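Beneath this line is the structure, given in structure tokens, with notes to follow.
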Amino acid sequence: DSRGDSTIFSIFESYSEGYYRAPSEFFNRIIQRRQTANIPPQANFLAIGTNLNAYEDFVSLFGDEIATPFHEKALDYYNFVIEKTFRDKKRLLVQVKATPKSNRKLFQGTLIIDPDSAYPVSVNLTPSKSVIVPFNGKLNYQQRFFQSDEGFVAPTGLGLEVSFSVELLFLINPRLDVDIE
């Protein structure tokens, strides 16, 4: 009934290297995979790489191209409201809430922005109701960003949390949680 009421069946790990070449070429390579002893190595097909980037115009999830709050037409797609300003390690940051303006496949959630550079620090997003998550599940997408001295922004961390229920023979309805970091 809650996240604390669970049993961990297995753990999969994949380590990847990601590369970017201007203007828009991405390359992702899985360099290592590991899994718990109860899973044979050939069953470790889970490979989430570094190529999801919420700072791009679109993110591909579940076969859908979802326009991000950083899309060049984001002001047409989203309503943005400044929720608060705060300091983190002496740096002023702004928390902005993004909500979809239409039934288009979009996200909703919060963006943390550095107002001095106007670059994102992190996002915490969920797909809008127009995005079909398998098994009527829920997804939370978190990402952190790095700004280089040359002025480009790159993702430095990615977190996906997916939760869904699977009905088995109309008798039991277990909830499955998948956390990807």
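The table for this structure:
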item: Pairs of alpha carbons in region 72-113 whose separation is greater than 15 Å (percent); result: 46
item: Paired Rg and Dmax values of region 102-152, which use every Cα atom, in angstrom; result: 14.1, 43
item: Label-point separation in nm, Arg104 to Gln35, each point 7 Å along Cα→Cβ; result: 3.9
item: Cα-projected label distance for Asp57 with Ser130, points at 7 Å along beta-carbon direction, nm; result: 1.6
item: Region 72-181 - percent of accessible surface contributed by carbon and sulfur, probe 1.4 Å; result: 53
item: Label-point gap, in nm, between Ile11 and Asp177 - each point 7 angstrom along Cα→Cβ; result: 1.5
item: Candidate lysines for bridging to Lys105, where Cα separation is under 29 Å - those fewer than 8 sequence places away on the same chain excluded; result: Lys73, Lys84, Lys97, Lys129, Lys138
item: Percent breakdown of C-alpha pair distances by 5 Å bin, ordered from the shortest bin, for region 47-116; result: 3, 16, 22, 21, 16, 13, 6, 2, 0
item: Computed lengthening from Gln147 to Asp114, 0.36 nm per intervening residue step minus Cα-Cα distance; result: 10.9 nm
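The values are calculated or read from the model by the stated rules, or taken from the named source; none is laboratory data. Predicted model, so just to flag it, every value in this text is computed and none were measured. Here the Cβ is made from the backbone with ideal geometry for all residues, glycine too, and neighbour counts use every protein chain on show. Protein only, heavy atoms only, side chains kept; ligands, DNA and RNA dropped before computing areas. Shrake-Rupley method; radii C 1.70, N 1.55, O 1.52, S 1.80 Å.
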